[in-house]
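Down below is the structure, laid out as structure tokens.
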Amino acid sequence: MTQSTLRTIWITAALLILVFIFNMHSGTQKSDFALVIKLPIEFKATEKITPVGYALHGLRMIALFFWTIPFLAWVHAKGESGSAAAAFPFRLLDVVPASRAGIVVQVLAFLPLIVAPFVSAFHFWQIIECGKVCRSDPAEPCLGIWARPVTSGGLWNHTYRLTDGTSNNGPSYEPVVEPILALTLLAVALGFVVLLLTEMYRAQMRPVTASETS
């Protein structure tokens, strides 16, 4: 795979994830503003979803898919040389990454595409921590996000619902399993960011190639 193709895949995936996360942010704030991208499968806002539900969907997206963004950026950085800016896969028109303007562009791109999802994950996590795990039977008490009821139905039970505590209706949620999975995948993503930054630093020490000006 060429560096150009890798950059195309990276920017497409990074922007789609960013748009989804932004819309989940809007949902947690009950805002009507959203970024719309027409896709075969779309997540559409609904009044039935509580801020806790939006936060859960947002954290799931970041945990399950975001790690691929720093991973692909790391793979790209390993194939570049000449400057740290060129190692980062973002490209804007014909701006040379190693130029003064290019460095500014790369820094501005790094913030929303790499840093912002971690900030969003923290935001979503704070909202989820305030949620309650309920069962379909209103007689059963709602518990914390880490608590599994004594009468659990196996490792994964779709009868659990994450709600704001005012009702028993909400997105399916697996106590203990989902928080641990989310935190683990976020740790993986953070690890790839560290590898990316390391490789961007090393790129400065490699001889300049033709891709430096691409």
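The values are calculated or read from the model by the stated rules, or taken from the named source; none is laboratory data. Not measured: the values here are computed from a predicted model. Neighbour counts run over all protein chains shown; Cβ positions are idealised from the backbone, glycine included. All accessible areas refer to the heavy atoms of the entire protein, side chains included, with ligands and DNA or RNA removed. Shrake-Rupley method; radii C 1.70, N 1.55, O 1.52, S 1.80 Å.
Summary of computed values
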| read-out | value |
| --- | --- |
| Probe 1.4 Å, accessible area per residue of the stretch 50-135, Å² | 41 Å² |
| Protection-proxy order for peptides 133-139, 62-68, 72-78, each taking the mean of Cβ atoms within 10 Å per residue, highest first | 72-78, 62-68, 133-139 |
| Protein accessible area in the stretch 50-203, 1.4 Å probe - carbon and sulfur % | 71 percent |
| Principal semi-axes in Å for the stretch 51-205 [√(5λ), Cα gyration tensor, largest first] | 42, 15, 10 |
